[in-house]
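Asker: Here's a structure for you.
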Amino acid sequence: MNTKKITNLVSIFVVIILVAGITACEQLQQLVQPVMPSEAHTEGSRVLNVGFYAYFSPVSYSASADPTSEDFNIHLGYEADLLTALEAMEGVELSFVRHPIAVWTDIWLKSAEPEYDIIGGGITILDARTKDGTGNQVVTFTSGHIKFRQSLLVRTEDSQRLATHADLTSDVRVGVLAGTTGEARLLELTGLVDANGVLAEGIRVETPLGTVVADGTAAFMITAANTTPNLTERSHLYPPSADMPQVIYLGQEVGESELLNALAEGEIDAVARGEIGNLDAVQAAGDAFTVTALDEKFELGGFTLAVEDTALATYIDEKLNYLTDNRNIGYAEWVADPSVFMRRVQMWNNR
């Protein structure tokens, strides 16, 4: 073998050794110095379809109340900003396509449907809401990122007359949105249902099929998660005694704005729903409305995902806990400073 061939072979051998050495060093460096979240962010984010309730201002709502408007697809509110902040966290690699949902009934179960990955809209976390009509668990909740407590919204001139739930007599008409914790808690606090949601004997309920009368058994039941079929699409509930209120059902098609309009027009005397929504209505109406009868019990609201996406729910939960500083940052802090979640994002991205 001549000298030239030997030289070439030696050169090739040296190059192989150098390349192998560089590769080994890079692998070792990756083991010693893990990739930080800010370096792991790519354009390959997982895209998730989010269904959001369109009529729960200021927690989750559409920019336009008109479903035919393009602005109906624009997601606004506390939960909208929370999801936007989640998208902006480097390394998390999630992005959301928002889809408004106009009907509240069983909205939490829609994350089990192919069209949606996540469902939100100020949904109180209840174990009963994770199960379908056959009792099978089909969705899972993230842990709570917002606190709710129930209340009454009344016209200011009625604030003394309707200061507590005990003041709600049979001549008082209280408006509710069916299937909400606002309805369920009102019925429980006024004795219209027991702790299991069973209607008191003698209650008359107007339905599309006519008036039915509760017999005090589980055949007539209303909870925040389930209702017996004979009470579906109920429109009016008449109490069996003078110390209980009438309940008027509105808002199934256009949301809680129908309740607020009915209160302003004198068609109902109070609205039973969460304090957050009621306080927002007070601010919008000036001194026309007042919040009364604040409930002592708090609820937690979260997002739902399909039960098979439990790992994804846990992953999202971890990031929501960071954004809310483990619930130390909530609705009140967001109202005072709407940029509060994005400032948490900056801290995350700069760490």
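The values are calculated or read from the model by the stated rules, or taken from the named source; none is laboratory data. Predicted, not measured: the structure shown is a model, and the values here were computed from it. When the accessible area is computed, the model is the full protein with side chains, heavy atoms only, and any ligands, DNA or RNA have been set aside. Shrake-Rupley method; radii C 1.70, N 1.55, O 1.52, S 1.80 Å.
Asker: Averaged per residue, what accessible surface does the range 173-293 expose to a 1.4 Å probe, in Å²?
Answerer: In whole numbers, the range 173-293 has 41 Å² accessible per residue.
Asker: Rg to Rh ratio, the range 93-149, alpha-carbon atoms and Kirkwood radius?
Answerer: A ratio of 0.95.
Asker: While we're looking at this one, here's another question. Would you calculate a helix-derived [θ] at 222 nm for the chain, using -39,500 (n - 2.57) for each DSSP H run of n ≥ 4 and dividing by the full residue count, to the nearest 500?
Answerer: -9000 deg cm²/dmol
Asker: Here are a few candidate values for Rg/Rh (Cα atoms, Kirkwood Rh): (i) 1.19; (ii) 0.95; (iii) 1.05. Which one was actually calculated from the structure I just gave you?
Answerer: This structure yields the entry labelled (i).
Asker: How large a share of the accessible area of the chain, in percent, is made up of carbon and sulfur atoms when the probe is 1.4 Å and the other protein chains stay in place?
Answerer: Heavy-atom surface of the chain belonging to carbon and sulfur, 1.4 Å probe: 55 percent.
Asker: Which of rounded, prolate or oblate describes the range 290-329 when judged by the alpha-carbon gyration tensor and an a/c cut-off of 1.5?
Answerer: Oblate, because a/c is 1.5 or more while a/b does not exceed b/c.
Asker: Also, I was wondering about something else. With a ≥ b ≥ c the root eigenvalues of the C-alpha gyration tensor of the range 185-321, is it rounded (a/c under 1.5), prolate (a/b larger than b/c) or oblate?
Answerer: Verdict is oblate for the range 185-321.
Asker: At what distance in angstrom do the alpha carbon centres of the range 144-204 and the range 297-351 lie from each other?
Answerer: 30 Å
Asker: Checking the a/c ratio against 1.5 first, then a/b against b/c, what shape does the Cα gyration tensor give for the range 276-351?
Answerer: Judged from the Cα gyration tensor, the range 276-351 comes out oblate (a/c at least 1.5, b/c at or above a/b).
Asker: Please compute, over every Cα-Cα pair in the range 116-166, the percentage with a separation greater than 17 angstrom.
Answerer: Cα-Cα pairs in the range 116-166 separated by more than 17 Å: 57 percent.
Asker: On to the next question. Mind checking which aspartates and glutamates have their Cα closer than 17 Å to the Cα of LYS110? Skip sequence neighbours fewer than 8 apart in that chain.
Answerer: ASP127, ASP132, GLU308, ASP309
Asker: Further question on the same structure: Can you tell me the accessible area per residue over the range 44-143, all protein chains present, probe 1.4 angstrom, in square angstrom?
Answerer: Using a 1.4 Å probe on heavy atoms only, each residue of the range 44-143 averages 38 Å².
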